[in-house]
Each structure stands twice: as structure tokens, then as C-alpha cells.
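Rule-based calculations on the coordinates, nothing more; no lab input. Predicted, not measured: the structure shown is a model, and the values here were computed from it. Using ideal geometry, Cβ is built from the backbone for each residue, glycine included, and neighbour counts are taken over all protein chains shown.
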């Protein structure tokens with residue numbers, strides 16, 4: 001295990017450095033929700049701007065986690081910490097099995113959880129081709145502008161190691177998953193206009209089902225990251241695989257209201273897999289240090 005990185009001399013007197021997680025989440029939520037606000041105001045008739053402008057604001061809002069992650073990494077660890085985070089974002093030598101899990105295994109779990117939904121199997125469209133060139137294009141687009149690349153350097157790169165060090169991998173993962181879900185709340189204040197407008201939005205139950213899925217998915221991501229030498233790249237791939245397969249393949253394979261109008265099949269998939277992982281790892285989620293510290297690159301505790 002490597003020693004914790006040295007902090008800049010000015011860090012001990014920094015309010016942000018003394019409260020890195022609180023500062024990170026305040027920056028993330030504040031920036032993102034401010035960018036998401038125009039969409040809400042337009043929908044409810046308070047503001048009048050073009051749909052293109054709303055879309056640009058929404059995309060900008062996705063930058064909240066990564067901007068906050070790099071800012072707070074710089075504040076707490078300086079340039080060496082930023083360099084470490086960048087290396088984790090391109091850490092690809094992690095073993096073939098982890099790519100197979102992210103790109104094939106996770107979608108397979110999503111399919112299995114969908115099949116048991118009433119009416120889903122009967123609606124199976126065997127002519128639908130889940131993995132095509134169009135799917136690969138969608139995957140790349142989802143990874144770069146659909147959220148994963150903008151989110152995971154913050155959630156996984158900055159917040160996860162600190163929560164894991166402070167609370168342990170299981171409790172830290174549950175907290176991070178809950179906050180990750182809450183970050184999506186503004187999008188659920190605008191109801192779905194069509195059954196194919198996914199995920200279903202507009203009710204408290206819609207958000208609760210979605211939030212439960214994200215908490216479980218965050219535990220899965222943490223398990224993968226802890227087993228791949230803290231690779232942020234693998235977190236991006238798992239996140240992108242989940243989003244892309246759901247949005248472009250799962251609803252084509254099972255074009256039924258029981259799937260299109262519900263997120264419960266994905267909640268079941270994520271929760272079932274997360275429970276298996278929690279049981280199999282006894283709550284350590286691949287973290288080899290019982291105190292919950294990172295194996296190879298630990299963050300220093302706040303002064």
C-alpha cells in the first residue's frame with residue numbers, strides 16, 4: 001500500500017480542505033441544479049427560452065460532479081492529486097473479465113430481471129438486435145455526453161474513496177448512492193409525456209423506484225472499482241453500459257408497457273445483484289482493507 005499523498009502546505013488552514021466531502025457535494029448540487037433550473041422554469045411557464053438553450057443548460061449541469069471533483073482534488077491534494085485522478089480515468093489494464101462484466105454481464109442481469117415481469121417475455125421481439133453498430137455509437141455518445149464521463153470522475157474519483165475511508169465501502173456506498181439519486185431529482189419534477197419517454201417520471205413513486213436502483217447500481221460500481229485498482233474508467237463503462245442498454249436495447253427487446261412504463265425491472269436487477277455482492281464480499285465490496293481505505297492510492301484524511 002502506498003503512503004497517502006502529501007498535501008499542499010496551505011491545505012490545513014483551508015475551510016474547503018477541512019470539509020472536503022461537504023464542499024464537494026455543495027458544489028456539485030449547487031452548480032448542477034442551477035443549470036437544470038431553466039428546464040423546470042420553461043416547463044412550468046415561468047421562463048421562455050429555446051429548447052436548444054434548455055438542452056445546453058442540461059448538458060452543462062452534468063458537468064457538476066466532474067468540475068467539483070477536480071476542484072476539490074486540487075484543493076485537498078494539489079497537482080499531484082489531479083495527476084492521480086487523471087491516471088485513474090485512463091486505467092484500462094484491469095483484466096478482460098471486468099470488461100465482459102460491464103459490457104455483457106450487467107446487460108444480461110438486466111434482461112433476466114425483465115423477463116420475470118408480467119407480460120415481458122410474451123412481448124419479446126426476437127428480431128430486435130441489441131448489439132449493433134448503432135448501439136456502439138449510442139454507447140460512445142452516452143459515455144461522453146450522457147452523463148458517465150461527466151459524473152464518475154466526481155462520484156468515483158473524488159467522493160467514493162473518501163466515503164469509503166470514513167464509513168467503509170458498504171455504508172459509504174449507500175450514502176453515495178442516495179446522494180447520486182437525489183442529484184437526479186430535478187429531472188423527475190417534469191412528468192414523462194409519453195410511455196417511451198424513459199425513465200418514467202412525474203410521481204414520488206417513480207423517483208423512489210429510480211433512486212433505489214441507483215443506490216444498488218452505485219454499490220455495483222464500487223465493487224468493480226475496488227477490484228480494478230480504483231479505475232474510474234471502469235466506473236464510466238459500467239455506468240454507460242447500464243444507461244445505453246436500457247435506453248437503446250432493453251426497450252426494443254421487450255416493447256411492452258410493463259417495461260416501457262416502469263423502472264422496477266431495473267431496480268430488481270440492480271438490487272438483486274448488489275445483494276449478492278454484499279453477501280459474497282461480506283460487505284467489503286472488493287475492498288481488501290477492513291478500515292475501508294483504498295488499496296493503492298489512498299487519500300489523506302482532512303487536517
Taking the Cβ of each residue in 241, 264 as the centre, tally the other Cβ atoms inside 10 Å and list the residues starting with the fewest. 264, 241
When the chain is modelled as a GNM with alpha-carbon springs shorter than 10 Å, which of 45, 177, 141 fluctuates the most? 45
On Cα atoms only, tilt of 64-89 relative to the major axis of the chain in degrees: 50 degrees
Against the longest principal axis of the chain, how steep is helix 232-244, in degrees 0 to 90 to the nearest 10, with axes from Cα atoms? 10 degrees
Over the residues of the chain, compute the C-alpha Rg and express it relative to 2.2 N^0.38 Å. 1.01
If R0 = 45 Å, then residue 79 and residue 47, at their Cβ-Cβ distance, give a FRET efficiency to the nearest 0.05 of 0.65
Does a label point 7 Å from the Cα of residue 258, set along Cα-to-beta-carbon, have any residues of region 105-135 with amide nitrogen under 11 Å, and which are they? 114-124
What is the order of 194, 206, 230, fewest Cβ neighbours within 10 Å to most? 194, 206, 230
Go ahead and run the numbers for FRET between residue 112 and residue 132, Cβ-Cβ distance against an R0 of 25 Å, rounding to 0.05. 0.70
Normalised contact order of region 11-281, rounded percent, pairs of Cα under 8 Å and 6 or more residues apart: 27 percent
Using only Cα atoms and rounding to the nearest 10 degrees, what angle (0 to 90) does helix 169-183 make with the longest principal axis of the chain? 60 degrees
Net lengthening on full extension, residue 18/residue 99 (0.36 nm per residue, minus Cα-Cα): 25.5 nm
For the chain, modelled as a Gaussian network with Cα springs under 10 Å, which listed residue fluctuates most, 221, 145, 131? 131
From fewest to most C-beta neighbours within 10 Å, the residues 271, 167, 287 line up as 167, 271, 287
Choice from 253, 170, 47 with maximal GNM fluctuation in the chain (Cα, 10 Å cutoff): 47
